[in-house]
Amino acid sequence: MQTALWWIKKDVRLADNPALTAALANAATVVPVFLFEPAVLEAEETSAFHVAAWCEALADLSERLGGHVLPLRGDAIETFARLRAVLPFDAIYSHEEIGSEVTFARDRAVADWCASEGVTWHGHQQTGVFRGGVDRDRRAKEWTAFMRGGPLPAPSAADLTRVRVPPEAAGLAMPVVSPDAVGHPLTEAQRDLRQPVSETAAVATLDDFLTDRGACYSGGISSPNLAFTCGSRLSVHLAWGTLTGRAAYAATEARQAEVRAQTGDAARQWGRSLNAFKSRLHWRDHFIQRLESEPRMEFEPLNAAYEALPTPGDHHLDAWLAGETGWPLVDASMRCAAQTGFLNFRMRAMVTSVAVHTLRIDWRKILYPTARLWADYEPGIHIAQTQMQAGVVGINQLRVYSPDKQLADHDPEATFVRQWVQELADVPPEAILKHHVRPVPGYREPLVDRLVWSKGFKDDYYAIKGLPETKVLADAVYQRHGSRRPRSARTWKSNAPRAGERRIVKAVAAQTELGL
């Protein structure tokens, strides 16, 4: 094979890159291509945080490759056809993407185009998510085997000389690659506060976490204040592919071996933190597998019975998004996310609960707006977690969060609130904590009576949950998606895709095919 494309998607890196490794093993010349597609750029889920991550990661990769990255703007099929007219190729190598419907539809169309044009599209697994299915009760074992297979090395310097953009294709490149150039400019605050995303940054962040910051992971990630430091901060790198979960897993196991040889309180704390982090890597793929298995969950609740939930509060959406709810911790969380692209898991769960359970907004109405807020947006995680927190999966305990209790528990000095809610910057913590009882002058009162509205939601929710047909549907959801982890064990087993699953893409023959 003379020339093949490395279609860069969410694998903007050299290390542990199965698609790039396979392309180099089979082609004399590998052309690295990244597509800025109008359908993706214009999708409701896409934001400047995401585009900035692509651009920054590509710039870092381009530097590593001596400028040999080809950024192209246009529809995938039209762009591939335009490129093929000046640079014949008969193979495309990419990773198996588990995305939302906009990229899934694109992949189906590209698979058809490849089949009609005689181009072989090789899709390569890069996560512990299994395309085509592994038995639900065996997937934990398969996941562990995949992770312990170890990361692939980066290509040698000699091999990288074959990763290049031939002169005849270079003229097709976008003249400027930036968020501004593709219509997604960052605000000044976002430019200053967003997390850098590149392979270089990923390596540094992983090392810093495993040798320094990670000690406080266990016990620290629930706090909106501590999570910026105690959290791994690897979620953006895993989401956009500047690091793989397999590489993070291997590095964590190596660090665990070091810690096991140590004694004392510090070593025990490190042990707890590393175990907790490794468990999160496991759960990450577990939830992405749900979207791989059930693409419909972007649009429908996994348990269809909950379609009947009334949503009388959809008109509160704009105030909730703007951080104008009158609950200090909710408003601080939404304003923080809008400027930094980051919020720890507990606060994400809380704001989702308030939106759905208290303000009674349809979970689908918040799905894409919050996707735009998260710099680490991963469709499988985001969709699964939104449904789970909303309660429409129907197999988990319903958690209706009290923003007042969360404030008292996790920001008792109102440090986070006073940082992000300007109206409360100079208000004493004790007054902020009692705002729901004695409103603070100059700061809005809560949008609704939380106890009354939450009770209304729970009454409606449990009325539906108690129906015989709801229980039948819940059993089916559990068999397909429920954790097999015994409460006494820290392991889990997961489901295999069956009816409705995705399959992609060895496209030569029309074979087509989800917070750390």
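If we only count helices (runs of 4 or more DSSP H) wholly inside segment 325-373, which ones have 3 or more residues that are of a type outside the set (S, T, N, Q), within 20 Å of the chain's Cα centre (by Cα) and closer than 22 Å to Ser223 by Cα?
Ranges flagged: 328-340, 345-353.
Do we find a residue being within 21 Å of His382 (Cα to Cα), assigned to a helix (DSSP H, G or I) and more than 22 Å from the chain's Cα centre (by Cα) anywhere in segment 287-303?
At the first step, the residues of segment 287-303 found to be within 21 Å of His382 (Cα to Cα) are 287-303.
Retained after the next criterion (residues that are assigned to a helix (DSSP H, G or I)): 287-293, 295-298.
If we keep only those that are more than 22 Å from the chain's Cα centre (by Cα) as well, we get none.
Checked against the condition, which is being within 21 Å of His382 (Cα to Cα), assigned to a helix (DSSP H, G or I) and more than 22 Å from the chain's Cα centre (by Cα), segment 287-303 yields no hits at all.
The listed residues are Arg194, Arg246, Arg233, and the only one of them that is outside the structural domain of Val330 (by TED's automatic domain parsing), surrounded by 21 or more Cβ atoms within 10 Å (Cβ to Cβ), touching a Pro at 6+ places or on another chain (Cβ under 9 Å) and not hydroxyl-bearing (Ser, Thr, Tyr) turns out to be Arg246.
Here segment 17-36 is the region considered, the condition is being surrounded by fewer than 22 Cβ atoms within 10 Å (Cβ to Cβ) and part of a loop (DSSP other than H, G, I, E, B), and the residue that is nearest to the chain's Cα centre (by Cα) is Ala27.
Okay, residues lined up against (1) over 14 Å from Thr358 (Cβ atoms); (2) among the basic types (Lys, Arg); (3) touching a Ser or Thr at 6+ places or on another chain (Cβ under 9 Å):
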residue: Phe416; (1), (2), (3): yes, no, yes
residue: Gln422; (1), (2), (3): yes, no, no
residue: Pro428; (1), (2), (3): yes, no, no
residue: Arg438; (1), (2), (3): yes, yes, no
residue: Gly442; (1), (2), (3): yes, no, no
residue: Lys455; (1), (2), (3): no, yes, no
residue: Leu467; (1), (2), (3): yes, no, no
residue: Leu473; (1), (2), (3): yes, no, no
residue: Ala476; (1), (2), (3): yes, no, no
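Screening Leu317, Leu373, Leu398, Leu309 for residues that are farther than 22 Å from Ala52 by Cβ, in contact with a Gly (Cβ under 8 Å, 6 or more places away or on another chain) and of a type outside the set (Ser, Thr, Tyr) leaves exactly one candidate, Leu398.
For segment 377-434, please list each of the helices (runs of 4 or more DSSP H) lying entirely inside it that holds at least 1 residues being among the acidic types (Asp, Glu) and surrounded by fewer than 20 Cβ atoms within 10 Å (Cβ to Cβ). Break it down into steps so the answer makes sense when it comes.
Numbers: elements: 379-390, 403-410, 415-420, 429-433.
Hits in segment 377-434: 403-410, 429-433.
On the basis of being surrounded by fewer than 17 Cβ atoms within 10 Å (Cβ to Cβ) and aromatic (Phe, Trp, Tyr), does Phe299 make the cut? It is true that Phe299 is surrounded by fewer than 17 Cβ atoms within 10 Å (Cβ to Cβ) and aromatic (Phe, Trp, Tyr).
The values are calculated or read from the model by the stated rules, or taken from the named source; none is laboratory data. Predicted, not measured: the structure shown is a model, and the values here were computed from it. Positions of Cβ are generated from backbone atoms using ideal geometry, with glycine treated the same way; all protein chains shown enter the neighbour counts.
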